[in-house]
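Here the structure is laid out as structure tokens; the discussion comes afterwards.
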Amino acid sequence: MSELNLILLGPPGAGKGTQADRLRDDFALPHISTGDILRAQVAEGTELGGKAKRYMDAGELVPDEVIIGMITERIGQGDARDGFLLDGFPRNQQQAEALSEALGSLDRRLTAALLIEVPDEEVIRRLAGRRV
């Protein structure tokens, strides 16, 4: 099979993680979640993790350039050579453009973006259930 580079889009609670688990199992692709990467880089004490931690500790959003650096580094790792599942990235046009540039520099391209649509009422029900 050729390289499979996927983005999962949708609101929190839409089921991106659930679908990523299924796709990961079916296609042996790493599930790359921005939240997981942030936590891992902070825990490992990497340079990007240190930058992210300063923003997180201040209760601020981690800037695009830090997130982009983490994602770019991650998709270049060996286990993502045959493809990846991106969850929670890109969230805006700057991140999408940076992803496109990063893939181009690796001589790769995006295969597809999968949008998971869920009615607002269902998302609210699911997210409310997570608080328990």
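The values are calculated or read from the model by the stated rules, or taken from the named source; none is laboratory data. Since the structure is predicted, the reported quantities are computational estimates derived from the model, not experimental observations. Cβ placement follows ideal geometry from the backbone for every residue including glycine, while neighbour counts extend to all protein chains displayed. Surface areas here come from the heavy atoms of the whole protein model, side chains and all, with no ligands, DNA or RNA. Shrake-Rupley method; radii C 1.70, N 1.55, O 1.52, S 1.80 Å.
Within the range 47-59, does at least one residue satisfy the condition of being hydroxyl-bearing (Ser, Thr, Tyr), within 18 Å of the chain's Cα centre (by Cα) and surrounded by 13 or more Cβ atoms within 10 Å (Cβ to Cβ)?
Checking the range 47-59: not a single residue is hydroxyl-bearing (Ser, Thr, Tyr), within 18 Å of the chain's Cα centre (by Cα) and surrounded by 13 or more Cβ atoms within 10 Å (Cβ to Cβ).
Is at least one residue of the range 60-76 surrounded by 20 or more Cβ atoms within 10 Å (Cβ to Cβ), touching a residue at least 24 places away in the same chain (Cβ under 8 Å) and more than 11 Å from the chain's Cα centre (by Cα)?
no
Check the range 95-107 and report whether any residue there is of a type in the set (Gly, Ala, Ser) and open to solvent by 60 Å² or more (accessible area, probe 1.4 Å).
yes
When the residues of the range 78-90 are filtered to those that are in contact (Cβ under 8 Å) with a residue 12 or more places away in the chain and either in a helix (DSSP H, G or I) or exposed (fewer than 13 other Cβ atoms within 10 Å of the Cβ) (or both), which remaining residue is farthest from the chain's Cα centre (by Cα)?
Ranking the candidates gives Asp79 first.
Which residues, counting only those in the range 1-44, are among the small types (Gly, Ala, Ser) and surrounded by 14 or more Cβ atoms within 10 Å (Cβ to Cβ)?
Gly10, Gly13, Ala14, Gly15, Gly17, Ala20, Ser33, Ala40
With the condition kept exactly as written, say whether any residue in the range 119-126 is touching a Pro at 6+ places or on another chain (Cβ under 6 Å), open to solvent by less than 80 Å² (accessible area, probe 1.4 Å) and not in a helix (DSSP H, G or I).
Within the range 119-126, none of the residues are touching a Pro at 6+ places or on another chain (Cβ under 6 Å), open to solvent by less than 80 Å² (accessible area, probe 1.4 Å) and not in a helix (DSSP H, G or I).
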